[in-house]
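The values are calculated or read from the model by the stated rules, or taken from the named source; none is laboratory data. All values derive from a computational prediction rather than experimental measurement. We place every Cβ from the backbone using ideal geometry, glycine too, and count neighbours over all the protein chains shown. We work out accessible area using only protein heavy atoms, side chains counted, and drop any ligands, DNA or RNA first. Shrake-Rupley method; radii C 1.70, N 1.55, O 1.52, S 1.80 Å.
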Amino acid sequence: MTDYLEDILPRLVKLRKELHANPELALEEFKTAAKIVDYAKQHTNSKIHQLTETGILLEFNSGINGPSVLIRADIDALPIEEINTFAHRSIIDGKSHKCGHDGHTVILLGLAELLSYTEIKKGKVLLLFQPAEENGKGAEAILNSSYFDGLDIDYVFALHNLPGFKKHQIVNKSHAFNANVKSMIIRLNGKTAHAAEPEMGVNPARIISKIIDYASDITINQPERDDFFLITPVHINMGEKAYGVSAGFGEVHLTIRSWSLELFNEKVKSLENFIKLNAKEEGIDTEISWTQVFYANMNNDDAIRIIETAAKKNELELQKMQHGFKWGEDFGLFTQKYKGAMFGLGAGENCSALHNPDYDFPDEIIPTGIKQFYQIIKNILNN
């Protein structure tokens, strides 16, 4: 297997750099999807399914009854201007692969090649190239596609590269691998007035201040605690740049996260009640809506053991985390529906952080990701 991976690595790296140079945002990944399909046709014997406009699935079916395993990679980029100067830097202004989805994509294509080369003896393997992870819409769209109607899957797995951890290290976490994350949009409708006579209108400034203070009061930004709950103000807008007008409209955007969905819902209900009560006292109408919803990846104990067994077989260092990561990841919808887990793959202790403008996926860990997924599949299918 090692010799085979060494043979195919140059073309995987070449494709990874092509993807990096040509990033596409969530739900715009048309050229990326086309490259995935073209590569699969040239280098694999998989059955290719197009689940959504940019969602691609490669199916390996032995035709013999056995377990089914789904492995997922995300394929979208971010609206971040790249500052790197290397040859494969993004050629698209304001867009770049700053979360490593270009690397995740080629890991799965390499896995598809390896499965074509070795063949599975029983069961079924599904390799999913999922769009729109960054805005939380991709997993839902895939799971709502007709392909998944009544589909029985025994295990689902995904990885995420992790800067700050040793290269090739496998990072595992029981239960919540990452947080539940949702973003709240609060619209406050008051009444404009002359800035010299604010008492003749209803200015949302005071209620905005109260919301920010209350959000800070109920925040527990201590991820080691089970009651971790973090509210981050991300955007505030009020009125216009018209210095003779007292504002009559305001908007507050908050991103909220916690390990426990039950705690999340409880505290959010308290926040909503606070907003509505205080807005009513101020004479302000409120509208509350939600966007970019991510559910925690709840790692199954059996799946965790399979990951650890595979890491030991591959002689990879294993790092067990005491608490999860605070960011969101929409693979959580899969682990809520199916037994499975997400794990981390160390990208290097000196690797730039995810979503930083100078981040680049380290190509050295591509074979590590392939081998880890391949061993997971072997362990489940008993190949």
- Query: Can you pull out the residues in the range 93-126 that are of a type in the set (Val, Ile, Thr) and either without any contact (Cβ under 8 Å) to a residue 12 or more places away in the chain or under 20 Å from residue 380 (Cα atoms) (or both)?
  - Reply: 107, 118, 120, 125
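Kindly check whether there is at least one residue in the range 28-35 that is more than 22 Å from the chain's Cα centre (by Cα) and either at positive phi or part of a loop (DSSP other than H, G, I, E, B) (or both). Walk me through how you get there before you give the answer.
Taking the range 28-35 as the starting set, the residues that turn out to be more than 22 Å from the chain's Cα centre (by Cα) are none.
Looking through the range 28-35, none of the residues is more than 22 Å from the chain's Cα centre (by Cα) and either at positive phi or part of a loop (DSSP other than H, G, I, E, B) (or both).
Which residue, of 303, 296, is within 22 Å of residue 100 (Cα to Cα), touching a residue at least 60 places away in the same chain (Cβ under 8 Å) and in contact with a strand residue (DSSP E or B) (Cβ under 7 Å, 6 or more places away or on another chain)?
The unique qualifying residue is 296.
Which residues, taken from the range 204-226, are in a loop (DSSP other than H, G, I, E, B) and open to solvent by 50 Å² or more (accessible area, probe 1.4 Å)?
Here is the first cut: in the range 204-226, the ones in a loop (DSSP other than H, G, I, E, B) are 204, 219, 221-226.
If the condition is that a residue be in a loop (DSSP other than H, G, I, E, B) and open to solvent by 50 Å² or more (accessible area, probe 1.4 Å), then 221, 222, 224, 225, 226 are the ones that fit.
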- Item | Which listed residue is within 23 Å of residue 20 (Cβ to Cβ) and within 14 Å of the chain's Cα centre (by Cα), from 78, 111 | 78
- Message: Looking at the range 182-201 only, could you name the residues that are aliphatic (A, V, I, L, M) and farther than 16 Å from residue 286 by Cα?
- Response: 193, 195, 196, 200
- Task: Output the residues belonging to the range 324-361 that are open to solvent by 50 Å² or more (accessible area, probe 1.4 Å), within 24 Å of residue 155 (Cβ to Cβ) and more than 12 Å from the chain's Cα centre (by Cα).
- Result: 336, 337, 339
- If you scan the range 173-202, which residues turn out to be over 37 Å from the mean Cα position of the chain (by Cα) and open to solvent by 50 Å² or more (accessible area, probe 1.4 Å)? 191, 192, 194, 196, 197, 198, 199, 200
- Task: Could you list all residues from the range 310-323 that are open to solvent by 90 Å² or more (accessible area, probe 1.4 Å) and among the polar types (S, T, N, Q)?
- Result: 322
- Message: When the residues of the range 140-161 are narrowed to those that are within 17 Å of residue 304 (Cα to Cα) and open to solvent by 20 Å² or more (accessible area, probe 1.4 Å), which ends up nearest to the chain's Cα centre (by Cα)?
- Response: 155
- Please state which one of 106, 125, 69 is part of a helix (DSSP H, G or I), aliphatic (A, V, I, L, M) and at pLDDT 95 or above. 106
- Name the one entry in 14, 41 that is of a type outside the set (Asp, Glu), under 20 Å from residue 126 (Cβ atoms), open to solvent by 90 Å² or more (accessible area, probe 1.4 Å) and not in a loop (DSSP other than H, G, I, E, B). 41
- One residue from 255, 286 being farther than 30 Å from residue 332 by Cα, open to solvent by less than 50 Å² (accessible area, probe 1.4 Å), of a type in the set (Val, Ile, Thr) and touching a Leu at 6+ places or on another chain (Cβ under 9 Å): 286
- Message: If I go through the range 54-92 residue by residue, how many of them are within 22 Å of residue 159 (Cα to Cα) and of a type in the set (D, E, K, R)?
- Response: 4
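Tell me the strands (runs of 3 or more DSSP E) entirely within the range 144-195 that contain at least 3 residues that are in contact (Cβ under 8 Å) with a residue 40 or more places away in the chain and within 19 Å of residue 296 (Cβ to Cβ).
Working: elements: 155-163, 170-172, 180-189.
In the range 144-195, 155-163, 180-189 are the strands (runs of 3 or more DSSP E) which contain 3 or more residues that are in contact (Cβ under 8 Å) with a residue 40 or more places away in the chain and within 19 Å of residue 296 (Cβ to Cβ).
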- Going by the conditions given, is residue 80 open to solvent by 10 Å² or more (accessible area, probe 1.4 Å) and either part of a helix (DSSP H, G or I) or in contact (Cβ under 8 Å) with a residue 24 or more places away in the chain (or both)? yes
